[in-house]
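Here is the structure we will look at.
The values are calculated or read from the model by the stated rules, or taken from the named source; none is laboratory data. Just so we're clear, the structure is a prediction, and the values are computed from it rather than from any experiment. Glycine gets a Cβ as well: all are built from the backbone with ideal geometry, and neighbour counts include every protein chain shown.
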């Protein structure tokens, strides 16, 4: 059994319907009906992954979306033998492969925990049920997608800044919470530079 | 007066409420109520811009979202004196500055027509009215944002491919409709390479 503040989340949710942390997060984004909250609590489950473990590998079907209660996760795509990190995200965010999840096509992305993570998982089918049966869930989806689209646009911009120092400066301005928390190799991969270049920039600026 | 197939769109919509091309597009994404379609038709208006003209400049408030009936538009951010093109899009897509529009903050982006464009414009206020008064419009918004978030993730990936030829190959695979239509300087800027490098790659591969 997991607890968050005073809320109890049952591993056997069919026996009890206390609000899951995912339901609480959804209701925080936009208030939804009690019936929707109950459905989410009944159809989501805690999941723990260790550092280095995968939530999704390229080629697999992406059947789940996760709410991060604790930990850091990255998405990367293989370019030959090289790993191209396209996003890194932490607590209180939802993660999945946007393409793999929404289109239900084999994933191009790999999703990997880079710290021990406590997650809440929901299936693609549960989310579709929620969208179809609780129309207000589309307000939640719309608001979250606006935020995640803004973040993706930011990732599309930062990688196009020609100067490596400016890319790192921009990373510090927008993701300062991650800069001293995660291994340099992932920051270097995300910012499209070698670890040596990143170390040189950090030794000058930090 | 503009026409699209057999649908007539009045320049003075207060006199008549024939369905605007934007309403038809919305209804195509997900069927909405007649009242919502009527509201969209009454609160959207055609706009024409010439090649090179701006829909938004950095620092301005982003008050409109546009549906492209004809033409090509790009978004770019200034990095010093350099223009960093972060997206290029064409017919049957909605465009705005996702950050400037959804947060109503001064825009970081410039949005510029790179061909003569026929657009349909709607205001931020009209869209909020639609979301608040016609709940099914949130289904439309959620579905469009899923698509545009996927596209933004794609833009975040392509720019991180280390090899310039592979970036161009990936561009051809995903945006073949634009490859022979728009000036090379914008493709080069979007792909993070010089025009000379892009020309050299094209002369080998095309």
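Please pick out the residue among B:132, B:196, B:115, B:109 that is assigned by TED's automatic domain parsing to the domain that holds residue B:90 and over 15 Å from the mean Cα position of the chain (by Cα). Outline the logic, then answer.
Numbers: B:196 fails: assigned by TED's automatic domain parsing to the domain that holds residue B:90; B:115 fails: over 15 Å from the mean Cα position of the chain (by Cα); B:109 fails: over 15 Å from the mean Cα position of the chain (by Cα).
The conditions single out B:132.
I'm checking my understanding of the structure. Among residues of the stretch A:130-149 that are under 27 Å from residue A:191 (Cα atoms) and crowded, with 19+ Cβ neighbours inside 10 Å, which one is farthest from the other protein chains (Cβ to nearest Cβ)?
The extreme case among them is A:144.
Being away from chain B (no Cβ under 11 Å) and surrounded by fewer than 18 Cβ atoms within 10 Å (Cβ to Cβ) is the requirement here; does residue A:125 meet it?
On the way: away from chain B (no Cβ under 11 Å): yes; surrounded by fewer than 18 Cβ atoms within 10 Å (Cβ to Cβ): yes.
So residue A:125 fits the description; yes.
Condition check ((1) outside any helix (DSSP H, G or I); (2) crowded, with 18+ Cβ neighbours inside 10 Å; (3) within 14 Å of another protein chain (Cβ to nearest Cβ); (4) touching a strand residue (DSSP E or B) at 6+ places or on another chain (Cβ under 9 Å)) across all residues:
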| residue | (1), (2), (3), (4) |
| --- | --- |
| B:166 | no, no, yes, yes |
| B:169 | no, no, yes, no |
| B:177 | no, no, no, no |
| B:186 | no, yes, yes, yes |
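Checking residue A:91 against (1) within 12 Å of chain B (Cβ to nearest Cβ); (2) in a loop (DSSP other than H, G, I, E, B); (3) closer than 30 Å to residue A:31 by Cβ: exactly one of these is not met. Which one?
Result: residue A:91 passes all but (1).
Considering only the stretch B:38-91, state which residues are modelled with pLDDT under 95 and within 13 Å of the chain's Cα centre (by Cα).
B:86
Looking only at the stretch B:94-122, filter to residues that are out of contact with any helix residue (DSSP H, G or I) (no Cβ under 8 Å at 6 or more places or on another chain) and in a loop (DSSP other than H, G, I, E, B); which one of those is surrounded by the fewest Cβ atoms within 10 Å (Cβ to Cβ)?
If we filter the stretch B:94-122 for residues that are out of contact with any helix residue (DSSP H, G or I) (no Cβ under 8 Å at 6 or more places or on another chain), which is where we start, we get B:95-97, B:100, B:110-113, B:115-119, B:121.
Now narrow it down to the ones that are in a loop (DSSP other than H, G, I, E, B): B:96-97, B:115-116.
Working: B:96: 24, B:97: 26, B:115: 17, B:116: 14.
Filtering first and then ranking leaves B:116.
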